[in-house]
Amino acid sequence: MKDKYGRNIDYLRVSLTDRCNLRCIYCMPKEGVNLLRHEDVLRFNEVIKIVKAFSYLGIKKVRYTGGEPLILKGIEELIFETRKISSIKDISITTNGLLLYELADDLKNAGLNRVNISLDTLKPDRYKEITRGGEINKVFKAIEKALKIGLAPLKLNVVLVKGINDDEIKDFIYLTKEFPIEIRFIELMPIGEGKEYFKRGYIKSQDILEEFPELKPIDHNNKIADMYKINGGRGAVGFISPLSCKFCETCNRMRLTSIGTIKPCLHSQEEISIKEFMYDEEQLIRVIRAAVINKPLEHLLNSDGISKSKRQMYQIGG
Ligand code: SAM
Ligand code: SF4
């Protein structure tokens with residue numbers, strides 16, 4: 001369905017948990033966070049009710065994220081139930097990939113179309129530092145497996161942080177020569193732990209494009225990423241530039257948090273609680289419709305550099 005600015009809203013991102021098996025430096029504090037109580041978190045049957053309601057209003061793509069969605073027992077069941085909603089054409093997961101190798105076959109058989117794996121470095125020691133303890137070989141194995149079983153297109157999310165991993169841009173770009181993957185460089189956003197790192201400045205997508213003229217724009221229908229390719233490359237390189245080139249005008253997404261609130265915009269304060277309408281489908285659809293229609297026009301990160309979100313990235317899911 002269209003919001004009041006005429007944008008076609010067909011994509012729902014669902015954060016299933018605020019828990020995670022990593023503590024990435026720009027996302028979670030070292031000492032961990034105050035976690036939600038289990039009883040406050042949506043159960044899978046409630047998630048399905050909400051996804052269904054969204055599907056009646058034109059949502060065709062669903063992405064499950066977190067925290068880390070793959071730490072949840074029975075995640076393949078959730079995928080299976082989502083697959084049964086016939087108007088949902090695309091089901092994806094954003095994951096750090098640590099548990100994907102073991103789960104990939106079951107997820108694929110349950111109906112998962114594709115995954116985005118977050119990987120900010122290709123160096124084992126650096127990966128340990130950025131994630132505070134992660135084992136990169138598990139992610140490499142997961143990537144191989146995802147490619148093998150056709151969880152495609154496979155996208156790798158790379159958040160660039162000045163002085164931390166900006167010396168690896170070339171290595172990531174050249175991975176797309178050999179592998180049919182999409183590298184997505186994401187500008188660091190000043191939210192949560194990211195605020196501290198953001199003070200160093202952020203890597204603008206335009207600067208990378210100037211440094212790598214071999215990247216040539218390609219036709220695509222992605223609403224938020226600008227897509228490029230190197231000559232003869234099997235994969236592609238995407239740039240997600242919420243700051244330097246914001247894409248609010250074409251934003252097609254709504255977000256659902258794990259406690260049952262809708263966030264129509266990642267960086268706006270506004271949240272609409274729908275948990276209380278869970279068992280009245282008509283009312284649920286009415287509230288969701290109003291939330292979609294009133295989706296804010298844009299975020300104001302560029303003007304004041306501050307995210308207005310009341311929640312952190314590990315609670316929203318990116
Ligand atoms: N745990 C999963 C993962 O890491 O893929 C899913 C949740 S994580 C919050 C989703 C995405 O948000 C990841 O790609 C992560 O790198 C990104 N992210 C977290 N904090 C960010 C920030 N301050 N700016 C930009 N991206 C961020
Ligand atoms: Fe966990 Fe993902 Fe945040 Fe890293 S980015 S701490 S993996 S939620």
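Backbone geometry of the range 196-210 corresponds, through the Karplus equation with coefficients 6.51, -1.76 and 1.60 at θ = phi - 60°, to 3J(HN,Hα) couplings of 4, 6, 5, 4, 6, x, 10, 8, 7, 4, 4, 5, 5, 4, 5 Hz, x marking Gly and Pro. Peptide packing: for 18-25, 5-12, the average count of neighbouring Cβ atoms within 10 Å per residue gives the ranking 18-25, 5-12, highest mean first.
Of all DSSP bridge pairs formed entirely within the chain, close to 25 percent run antiparallel.
Estimated at 0.36 nm per residue, the fully extended path between Asp105 and Lys204 surpasses their Cα-Cα distance by 32.0 nm. One quarter of the surface of the convex hull around the alpha-carbon atoms of the range 34-155 equals 8.1 nm², the direction-averaged projected area.
So if R0 is 51 Å, what FRET efficiency would Lys170 and Gln269 give, r being the distance between their Cβ atoms, rounded to the nearest 0.05?
Numbers: r = 39 Å, r/R0 = 0.76.
Calculated value: 0.85.
Tell me which of Asn252, Val237, Ser205 sits at the most positive position along the dipole axis of the range 205-313, charges placed on C-beta atoms (Lys, Arg +1; Asp, Glu -1). Result: Asn252, furthest along the dipole toward the positive end. The 3J(HN,Hα) values that the Karplus relation (6.51, -1.76, 1.60; θ = phi - 60°) gives for the range 16-33 are, in residue order, 8, 7, 9, 8, 8, 8, 10, 9, 4, 4, 9, 10, 10, x, 3, 7, x, 9 Hz. Gly and Pro appear as x. Heavy atoms of the protein chains alone define the surface here; on that basis the chain has 45 Å² accessible area per residue at 1.4 Å probe size. Between amide H atoms placed 1.01 Å from N, distances below 5 Å from Leu42 occur with Ile259, Gly260, all of them 5 or more places distant or on a separate chain.
Full-extension gain between Lys177 and Lys61, please, as 0.36 nm times their residue separation minus the C-alpha to C-alpha distance.
Numbers: separation 116, 0.36 × 116 = 41.76 nm, distance 2.85 nm.
Gain on extension, Lys177 to Lys61, equals 38.9 nm.
Note down the relative contact order for the range 11-316 as a percent, whole number, built from C-alpha pairs under 8 angstrom at least six residues apart. Don't skip to the answer; put the middle values down first.
Numbers: 585 pairs, mean separation 60.8, N = 306.
Relative CO of the range 11-316 lands at 20 percent.
Carbon-plus-sulfur fraction of the accessible area of the range 11-316, 1.4 Å probe, in percent?
On the way: 6780 of 13690 Å².
Looking at the range 11-316 in its full context, I get 50 percent from C and S.
Run the numbers for Ser86 and Gln283: contour at 0.36 nm per residue of separation, minus the present Cα-Cα distance, in nm. Walk me through the numbers on the way to the answer.
On the way: separation 197, 0.36 × 197 = 70.92 nm, distance 2.18 nm.
Contour length minus the Cα-Cα distance gives 68.7 nm.
The tail of the calculated P(r) for the range 11-316, taken as Cα-Cα distances beyond 34 Å, holds 17 percent of the pairs. For Asn222, the amide hydrogen comes within under 5 Å of no other amide hydrogen, counting only partners 5 or more places away or on other chains and with H modelled in the peptide plane.
Near Leu160, the amide H atoms lying under 5 Å from its own belong to Ile186, Leu188; only residues 5 or more places off or on other chains count, and H is placed 1.01 Å from N.
Label positions at Asn34 and Lys123, each projected 7 Å from the Cα along the C-beta direction, are separated by 3.7 nm.
Given a Förster radius of 25 Å and the C-beta distance between Glu144 and Glu214 as r, what FRET efficiency does 1/(1 + (r/R0)^6) yield to the nearest 0.05? Mind showing how you got there, number by number?
Numbers: r = 26 Å, r/R0 = 1.04.
Plugging the Cβ-Cβ distance into 1/(1 + (r/R0)^6) gives 0.45.
Any idea what the dipole of the range 1-86 comes to, in debye rounded to 20, about its Cα centre with Lys/Arg Cβ at +1 and Asp/Glu Cβ at -1?
On the way: 17 positive and 11 negative charges, 79 e Å.
Dipole of the range 1-86, to the nearest 20 debye: 380 debye.
Sorting Thr94, Thr250 by accessible area puts them as Thr250, Thr94; the probe is 1.4 Å, largest comes first, and only protein heavy atoms count.
What's the magnitude of the charge dipole for the chain around its Cα centre, counting Lys and Arg as +1 and Asp and Glu as -1 at the beta-carbon? Answer in Debye, nearest 20.
On the way: 52 positive and 44 negative charges, 97 e Å.
Computed charge dipole of the chain: roughly 460 debye.
Shown in residue order for the range 106-123 are the 3J(HN,Hα) couplings computed by the Karplus curve 6.51 cos²θ - 1.76 cosθ + 1.60 at θ = phi - 60°: 4, 5, 4, 5, 6, x, 5, 7, 7, 10, 10, 10, 8, 8, 9, 8, 9, 9 Hz (x for Gly and Pro).
Over what distance in Å are the Cα centres of the range 143-192 and the range 223-248 separated? Comparing the Cα centres of the range 143-192 and the range 223-248, I get a distance of 11 Å.
Exceedance of the 21 Å cut-off in Cα-Cα distance is limited, within the set Lys108/Lys145; Lys61/Lys223; Lys60/Lys108; Lys2/Lys84; Lys155/Lys308; Lys138/Lys229, to Lys2/Lys84; Lys155/Lys308; Lys138/Lys229.
The lysines whose alpha-carbon is closer than 19 Å to the alpha-carbon of Lys30, local same-chain residues fewer than 8 away aside, are Lys128, Lys195, Lys199.
The values are calculated or read from the model by the stated rules, or taken from the named source; none is laboratory data. This is a predicted model, so every value here is computed, not measured. Note that we place each Cβ from the backbone using ideal geometry, even for glycine, and neighbour counts take in every protein chain shown. The protein model used for the area step is the full one, side chains on, heavy atoms only, and it has no ligands, DNA or RNA in it. Shrake-Rupley method; radii C 1.70, N 1.55, O 1.52, S 1.80 Å.
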